[in-house]
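A.B. asks: This is the structure I want to talk about, given as structure tokens.
Values in this text are rule-based calculations from the coordinates and carry no lab data. Being a predicted model, the structure only gives us computed values, none of them experimental. Counting neighbours? That spans all protein chains shown, and the Cβs are built from the backbone with ideal geometry, glycine included.
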Amino acid sequence: MAEQSNNTRLLLTRVKEQVSRLNALEWEGISKGKLDEDLTEELAENKETTSIILNELRQIDRKDDLKKLLALHRFYRTQIDGVLKLINEGKVKEAIQVDADGIDQIYDELYAEVFILEKYYVQQKVEARKIADIGTTVSLILSAAIIGALSYSFNQRLWNKNQELKAALTELHQTQDQLIQKEKMAALGQLIAGIAHEINNPLGIIKASASNNNQAMQEAIAEISSLHQRLNSNEQEILFNMINHTMANMPLGGYQKDRSLKRKITNKLQENDIKNARYIADLLMDMGINEDIEFLLPLLKGEQREWTVQFAYNLTSCFINNQMISNAVDRSAKIVFALKSYSHFDQSGKKQLLKVTEGLETTLALYHNQLKRNIKLIRDYQDLPDIWGYPDELIQVWTNLIFNAIQAMPSGGTLTIATRQQAQEIQVSITDTGSGIPEDIQQKIFDAFFTTKPAGEGSGLGLHISRRIIDKHQGRITLDTKPGHTQFIVYLPIESI
């Protein structure tokens, strides 16, 4: 029974990894708006592998435990395949407009069901295993206590960060009632959905990585007592060399998938008659092992190869997940800073010494969700001196200009933001590759309440308010537009107190 539970758990682990890998590949294709040859081949390979694993699961005795999992997988495949079909048919706009949150919810339910089943079969295996010797038990208890203390400290820090994010959102909503300018309130309302999504992304990474850490550590602790029984001294030495190699070469941003590298590793494994070559290649890549696997062959040719690679992966994934959590926390902190900067309203009425690029970056951080979909962002910043001005009001200028540029490129394009210094003034240019502004309305765009947007989508005050703010800074704004090129340039004096 223990062996059967262990085999089922390993299959479920592979299902989880395959579903996660497929999800990443599928959304990569959706975000690009096309499925190139490499991506199509990779999707086909992973779908085939997933089908094989699911068929193996269907062969086990206790099929009733897997009914919900199989049903969720069929439902998820129906939804995501529909989107991919639209992409293949060139209906990119329809594909982008699908209910992504609904598909993500189905995926989350599927992922959660796999996790529940894994936990169930792990528990079965633990109950069936004989009690380890006293020395090992004491070591495991001490390890669990240390991990528990570290986990509590880390979870407390995560809780504090989450509270800070919630407080920032609360402050953002409260600020709406205090904003004097109606246009800023409208822009804020348009941003909230995107900001919430940007906050949920790092929180999701933190939650998933923490969950993966807990599971990997539980599995490693459960298996460590059998290490000496499964591997001889030479194989143990190779195992720890593999772990040390992964730790020594771990990049700051985590490992990136390389399809050509995966093929090389798979081919080399197959050349050495190693079974489940594709699955083992995936795990080795996740640990940062390249095609130079000669030193691992004695271990990979042994009967315990899959158990050994999985054991090494569980140990090293804890460190990789911690890096992902750290990066997600940094991303959350950046969003919090942008929210605080945007929501701040200075009532003193006095000019302050400011950095123009900080205001630009605050605005870009808030529009990151819209920009990352199909717009290429180019930053062309030159070193600029600090200037005297009203930071909150200038952020409103950048918000209006950048938002208009994004809306001018509904099918995607390039947004270029450049800064220059000429004599005693600085220039900030915001350029998009949209359709341009018709000549007959170019003289009206700065008029109050003039808008070309449909009813309910614009107040017609954005550019009017922007020019008044620039005038207040004793600056000026110019427009150069034609099809495929629209550029607003804001000129601000360097010394003006």
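A.B. asks: To the nearest 20 debye, what charge dipole does the stretch 346-493 have about its Cα centre, counting +1 at the Cβ of each Lys and Arg and -1 at the Cβ of each Asp and Glu?
C.D. replies: The dipole of the stretch 346-493 has a size of about 140 debye.
A.B. asks: Something else: Based on DSSP, what percent of beta bridges with both residues in the stretch 346-493 are antiparallel, to the nearest 5? Let's see the in-between values first.
C.D. replies: Details: 26 of 32 bridges.
In the stretch 346-493, approximately 80 percent of DSSP beta bridges are antiparallel ones.
A.B. asks: Express in nm, to one decimal, how much length is gained between ALA112 and ASN241 on full extension, taking 0.36 nm for each residue of separation and deducting their alpha carbon distance.
C.D. replies: Working: separation 129, 0.36 × 129 = 46.44 nm, distance 3.38 nm.
Net length gain for the segment: 43.1 nm.
A.B. asks: Arranged by the count of other C-beta atoms within 10 angstrom, fewest first, what order do GLU361, GLU271 take?
C.D. replies: Least to most surrounded, the residues fall as GLU271, GLU361.
A.B. asks: With a point put 7 Å past each Cα toward its Cβ, work out how far LYS482 is from THR357 in nm, to one decimal.
C.D. replies: Once both label points are built, they end up 3.1 nm from each other.
A.B. asks: Tell me the GluC sites (Glu not before Pro) within the stretch 276-328 that lie in a loop according to DSSP and have at most 13 other beta-carbon atoms within 10 Å.
C.D. replies: On the way: sites: GLU291, GLU294, GLU303, GLU306; in loops: GLU291, GLU303.
Within the stretch 276-328, the qualifying GluC sites (Glu not before Pro) (loop, at most 13 other Cβ atoms within 10 Å) are GLU303.
A.B. asks: Using Cβ contacts closer than 10 Å as the measure, can you line up PHE75, PHE488 from fewest to most? Intermediate results must be reported in sequence, preceding the final value.
C.D. replies: Working: PHE75 14, PHE488 23.
Least to most surrounded, the residues fall as PHE75, PHE488.
A.B. asks: Test of understanding: ordering LYS262, LYS301 by Cβ neighbours within 10 Å, fewest first, what list do you get?
C.D. replies: On the way: LYS262 18, LYS301 13.
In increasing order of surrounding Cβ atoms, one gets LYS301, LYS262.
A.B. asks: Which pairs, out of LYS355/LYS376; LYS355/LYS472; LYS93/LYS444; LYS47/LYS166; LYS34/LYS68; LYS85/LYS207, put more than 29 Å between their alpha-carbon atoms? Write down the numbers at each step before the final one.
C.D. replies: Values: LYS355/LYS376 24 Å; LYS355/LYS472 17 Å; LYS93/LYS444 31 Å; LYS47/LYS166 39 Å; LYS34/LYS68 32 Å; LYS85/LYS207 31 Å.
In this structure, LYS93/LYS444; LYS47/LYS166; LYS34/LYS68; LYS85/LYS207 exceed 29 Å between Cα atoms.
A.B. asks: Here's something else I'd like to know. Set the Förster distance to 41 Å, then compute FRET efficiency between ALA149 and THR78 from the Cβ-Cβ distance, nearest 0.05.
C.D. replies: The value I calculate is 0.35.
A.B. asks: Over the stretch 346-493, one equal point on each Cα, no solvent: what is log10 I(q)/I(0) by the Debye formula at q = 0.19, 0.21 Å⁻¹?
C.D. replies: -1.26, -1.52
A.B. asks: Given the options ILE437, ASN374, GLN407, identify the residue whose Cα lies farthest towards the positive end of the charge dipole of the stretch 346-493 (+1 on Cβ of Lys, Arg; -1 on Cβ of Asp, Glu).
C.D. replies: ASN374
A.B. asks: Something else about it: Placing +1 on the Cβ of each Lys and Arg and -1 on the Cβ of each Asp and Glu in the stretch 346-493, which of GLY359, GLN424, LEU492 has its Cα farthest towards the positive end of the resulting dipole?
C.D. replies: Farthest towards the positive end: GLY359.
A.B. asks: Still on this structure, I have one more. Suppose each label sits 7 Å from its Cα in the direction of the beta carbon; what would the ASN267-GLN422 distance come out to in nanometres?
C.D. replies: 5.6 nm
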